[in-house]
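Participant: Let me begin by handing over the structure; questions about it come next.
Computed from the coordinates by the stated procedures, all read-outs in this text should not be read as laboratory data. The model shown is predicted, which means the values in this text are computed figures rather than measured ones. Neighbour counts are summed over all protein chains in view; Cβ atoms, including those assigned to glycine, are modelled from backbone coordinates with ideal geometry.
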Amino acid sequence: MGIIARQTIKGTIWSYLGVIIGFITTAYLYPNYLTTEVVGLFGLLVSLSSLMGRLSLLGLPGVTNRMFSYFRDKQNGHNGFLRIALLFHIVGLIVFLLAFYLLKPYLIDTNIEDSPLFAQYLYLLVPMAIAVMVFAFLDSFNKMLYDAVLGTFLQEFLQRFMILAITLLFVFKIINLEQLIIAYAVAVSIKALILLLFLVRRKEIKLSLPQKTIAKSMRNEILSVAAFSLITGLGSMIVFSIDKIIINQMLDLSNTGVYTIAFYFGSLVVMPSRPLLKISGTLIADAWKKNDLETIQDIYYKSCLNQLIIGGFLFLGIWANIDNILIILGDDYTQAKWVIFFIGLGYLFDMATGANGQIIAFSKYYRINLVFILILIVLVISTMYLLIPLWGIVGAAIAISTSLLLNNIMRYVFLLVKYKMQPFNWKFLLVIGFYVLLHLALNFFPKISLIPDTIMRSGIIVLLSLGFFWFVPVSYDIQRIINKAINKLS
């Protein structure tokens, strides 16, 4: 667990430095200087480019995650793996450009009235989707080289820093709205080029021929994994990107903007899990290769417990300050309250079930994920079309939260039945009980002015949580991190 702990800490540091920057941009600059339509445009461009770009990879990230360990050999150019990856990129790019050409008239016609800004800047989807293709592959490739931190730095910190910078240029009238929107697309896309240059400098990008011919069985396995990963990838992207697309279609770009801001706050809960799951996936893949179930069980248990502690801490911190957050956002974002709650709760479910997805994905039963994904697709789309007319963007958040809950229940039951893996014990109840009691205690504190109230509530949560998890032997990993921090401070 040493490499997991080190990279998780580094990734979390970059993630939360990015959170600070993102908070300034999303909570203050966007509501005060941009219209909800422009914010909605940003969210919609990111969702659609992510969907198109990842689908255009034709399942390559899944092939990388599952099979790269059989090719890994820096001296021999990783035995031709990057030539295979390049072929996937070329075919996928052709498919994407053709699909975009055919879909462009439909996208313009369906958005020209309710979302004219999106129709005007539709062309930005092309470079953004291509950047998603490149970054998604290179990030998974770099992760399999045991570096989960760089991708987190680029995605969570550098990208947000650049977005803050260009937003400030707009606020001070150095650039106009059109230049801001184009600069936003560049800021979101540039991380792909940076990661590529980094890997070239490390001499990891070699398009050399393999030292030995790839066996027919291996080629067939690559195609099988790619096809499966493409289908499951489609399901995952539908579940986690379709919300903004459906809101834009059923409501308008303004509602999409409010939802985008609210979703940002709710998703703060899950950020620490990203670097942890990246490096955990690599170790789980190696453990499955050795059939080391004990190591897998250990990673499963610790990922569940530690993520519940961290996720619960963040969820409580956000919800305890929800009224202060709404004051900062302003009157246009009053609907955001329950969107933040349900998105945050859904991600808390996801964190508390740990690395279950990675364990299944790298096991011999990886195809079962397809069943889970198909159920999720039906569930999320049907519930969104059912709940959005009733409760607007709050209905969309409930749909996503429900999907995350059921998805993780299915994975939990599967691992329990197939491998007798069960990560939960009395410590989880202790963590949940502590956070519930702390929430109830905070309700007795009277409301005061904005900044002092935020500092007071946040300070109480931080101090009591640190004290509880330092003195009570719930998680030795968390205790060790607190002890290290105390030693450095002292």
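Participant: Using the Karplus equation 6.51 cos²θ - 1.76 cosθ + 1.60 (θ = phi - 60°), what ³J(HN,Hα) coupling, rounded to whole Hz, does each residue of the range 362-369 give in order, writing x for Gly and Pro?
Facilitator: So the Karplus estimates, Gly and Pro as x, are 9, 8, 6, 9, 4, 5, 5, 4 Hz.
Participant: Would you order 280, 140, 449 from fewest to most other beta-carbon atoms within 10 Å of each residue's own beta-carbon? Intermediate values should be presented prior to the final figure.
Facilitator: Working: 280 27, 140 22, 449 9.
Arranged by neighbour count, lowest to highest, 280, 140, 449 become 449, 140, 280.
Participant: Placing unit charges on C-beta atoms (Lys and Arg positive, Asp and Glu negative, everything else neutral), compute the dipole magnitude of the range 2-489 about its Cα centre in debye, rounded to 20. It would help to have the intermediate numbers written out before the result.
Facilitator: Values: 37 positive and 23 negative charges, 427 e Å.
Around 2060 debye, computed over the range 2-489.
Participant: Amide H to amide H under 5 Å from residue 175: which residues, 5+ apart in sequence or cross-chain, H placed 1.01 Å off N in plane?
Facilitator: Those qualifying (amide H under 5 Å, at least 5 residues apart or on another chain) are 170.
Participant: How much mean residue ellipticity at 222 nm does the chain get from its helices, if each DSSP H run of length 4 or more adds -39500 (n - 2.57) and you divide by all residues, to the nearest 500 deg cm²/dmol?
Facilitator: Details: 22 runs with 383 residues, N = 490.
Calculated mean residue ellipticity at 222 nm is -26500 deg cm²/dmol.
Participant: For a bin width of 10 Å, list the pair-distance distribution of the chain built from all Cα-Cα distances, rounded to whole %.
Facilitator: Cα pair-distance distribution for the chain, in percent: 4, 18, 30, 28, 15, 4, 0, 0.
Participant: Then there's this: List 458, 229, 475 from most exposed to least, where exposure is judged by having the fewest other Cβ atoms within 10 Å.
Facilitator: Numbers: 458 15, 229 25, 475 19.
Starting with the residue having the fewest Cβ neighbours, the order is 458, 475, 229.
Participant: Karplus couplings for the range 396-404 from phi (6.51 cos²θ - 1.76 cosθ + 1.60, θ = phi - 60°), rounded to Hz, Gly and Pro as x?
Facilitator: 5, 5, 4, 4, 5, 4, 4, 4, 4
Participant: Further question: Using the Karplus equation 6.51 cos²θ - 1.76 cosθ + 1.60 (θ = phi - 60°), what ³J(HN,Hα) coupling, rounded to whole Hz, does each residue of the range 130-145 give in order, writing x for Gly and Pro?
Facilitator: Listing the rounded values in order: 5, 4, 4, 4, 5, 5, 4, 5, 5, 5, 5, 5, 5, 4, 6, 8 Hz.
Participant: Rank-order 302-308, 177-183 by packing density, defined as the average count of other C-beta atoms within 10 Å over each peptide's residues, highest first.
Facilitator: Numbers: 302-308: 23.9, 177-183: 15.4.
The densest-packed peptide leads the list: 302-308, 177-183.
Participant: With respect to the cross-link table entries 10/191; 289/420; 302/418; 143/337; 143/203, which display a Cα-Cα separation exceeding 26 Å? Intermediate results must be reported in sequence, preceding the final value.
Facilitator: Values: 10/191 18 Å; 289/420 19 Å; 302/418 20 Å; 143/337 36 Å; 143/203 15 Å.
Violating the 26 Å Cα-Cα cut-off are 143/337.
Participant: Rounded to the nearest 0.05, what FRET efficiency is calculated for residue 102 and residue 441 with R0 set to 51 Å and r the Cβ-Cβ distance?
Facilitator: Numbers: r = 58 Å, r/R0 = 1.14.
Approximately 0.30, to the nearest 0.05.
Participant: Moving to a separate point now. What order do you get for 384, 67 when you list them from fewest to most C-beta neighbours inside 10 Å? All intermediate terms of the calculation are to be shown ahead of the outcome.
Facilitator: Details: 384 23, 67 18.
Ranked by crowding around the Cβ, least crowded first: 67, 384.
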